[in-house]
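A.B. asks: The structure is given below, and queries will be raised subsequently.
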Amino acid sequence: MSGNVYWLTGLSGAGKTTIGRLWHEELRRSGVPAVFLDGDELRQVFGDDLGFTEADRRKSAMRNARLCALLSRQGLTVVCCTISMFDAVREWNRANIPGYFEVYVKAAMETLRRRDQKGLYSGGTEVAGVHFSVEEPKTPDLILENDGQTTPAEQVRRLRTTFLEE
């Protein structure tokens with residue numbers, strides 16, 4: 001029996017990790033054998049051998065996708081929070097991961113600049129969506145507008161209603 005993969009994608013600072021961690025906790029409390037993967041942590045796990053060029057970002061995204069597929073085939077549900085704003089990666093996920101659910105955590109650029117927890121939007125770092133374009137998800141299973149009008153706990157309730165109470 002395969003586990004599901006919840007692929008939370010969005011720009012840096014959109015709230016993917018915060019919402020994803022809470023979603024992972026909710027799944028575990030519900031008795032679902034789940035693991036949590038974060039894009040920044042995965043870069044370190046894989047040896048931090050990739051930079052931030054478009055080619056390296058694509059390679060990193062595909063590593064994440066393949067790991068999610070592997071874990072789900074072993075019966076684990078995966079919550080993966082990653083920018084990975086490439087149509088080709090999301091298409092690969094849909095074609096190769098049964099139980100794949102794409103969640104677009106969307107926030108306005110004004111909100112992202114205001115949050116800027118990592119100092120990316122105010123520093124000299126090249127940022128996805130600012131210094132180079134991204135491919136926004138075209139057919140996500142759920143869009144979470146996350147500009148601050150809804151708490152992370154409320155966002156998790158939307159995930160639960162959408163995916164567990166269908």
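The values are calculated or read from the model by the stated rules, or taken from the named source; none is laboratory data. Remember, it's a predicted structure, so these values are computed and weren't measured experimentally. Note that each Cβ is placed from the backbone with ideal geometry, even for glycine, and that neighbours are counted across all protein chains shown. SASA here: full protein model, heavy atoms, side chains in, ligands and nucleic acids out. Shrake-Rupley method; radii C 1.70, N 1.55, O 1.52, S 1.80 Å.
A.B. asks: Between Thr151 and Val32, 0.36 nm times their residue separation minus their Cα-Cα distance comes to what?
C.D. replies: 40.5 nm
A.B. asks: Keeping the other protein chains in place, figure out the carbon and sulfur percent of the accessible area of segment 22-90, with a 1.4 Å probe.
C.D. replies: That fraction is 53 percent.
A.B. asks: Can you list the DSSP H helices in the chain whose Cα atoms extend at least 27 Å along the helix axis and whose mean Kyte-Doolittle hydropathy is -1.0 or higher? Intermediate values should be presented prior to the final figure.
C.D. replies: On the way: long enough: 54-73 (28 Å, -0.78).
Helix filter hits for the chain: 54-73.
A.B. asks: Could you sort the peptides 69-77, 135-143 by per-residue average Cβ neighbour count (10 Å cutoff), highest mean leading?
C.D. replies: 69-77, 135-143
A.B. asks: Using the Cα centre of the chain as the reference point, and only Cβ charges (+1 on K/R, -1 on D/E), how large is the resulting charge dipole? Debye, rounded to the nearest 20.
C.D. replies: 280 debye
A.B. asks: In nm, to one decimal, how far is the Met1 label point from the Val45 one, both placed 7 Å along Cα→Cβ?
C.D. replies: Label-label distance for Met1 and Val45, simple model: 2.3 nm.
A.B. asks: Can you tell me the convex hull volume per residue for segment 8-99, based on C-alpha atoms, in Å³ to the nearest whole number? Please list the in-between numbers first.
C.D. replies: Numbers: hull volume 8.4 nm³, N = 92.
Looking at segment 8-99, the number lands at 91 Å³ per residue.
A.B. asks: Principal axis lengths of the chain from Cα atoms, whole Å, largest first?
C.D. replies: Projected onto its principal axes, the Cα set of the chain covers 45, 36, 27 Å.
A.B. asks: Return one whole number: the accessible area per residue of segment 7-82 in Å², for a 1.4 Å probe.
C.D. replies: Value returned for segment 7-82: 45 Å² of accessible area per residue.
A.B. asks: Between Ala108 and Arg66, what is the spin-label point distance in nm, taking each point 7 Å from the Cα along the Cα→C-beta axis?
C.D. replies: So the label points at Ala108 and Arg66 sit 4.1 nm apart.
A.B. asks: Can you give me the C-alpha center-to-center distance between segment 134-164 and segment 1-75, rounded to a whole angstrom?
C.D. replies: Between the Cα centre of segment 134-164 and that of segment 1-75, the gap is 16 Å.
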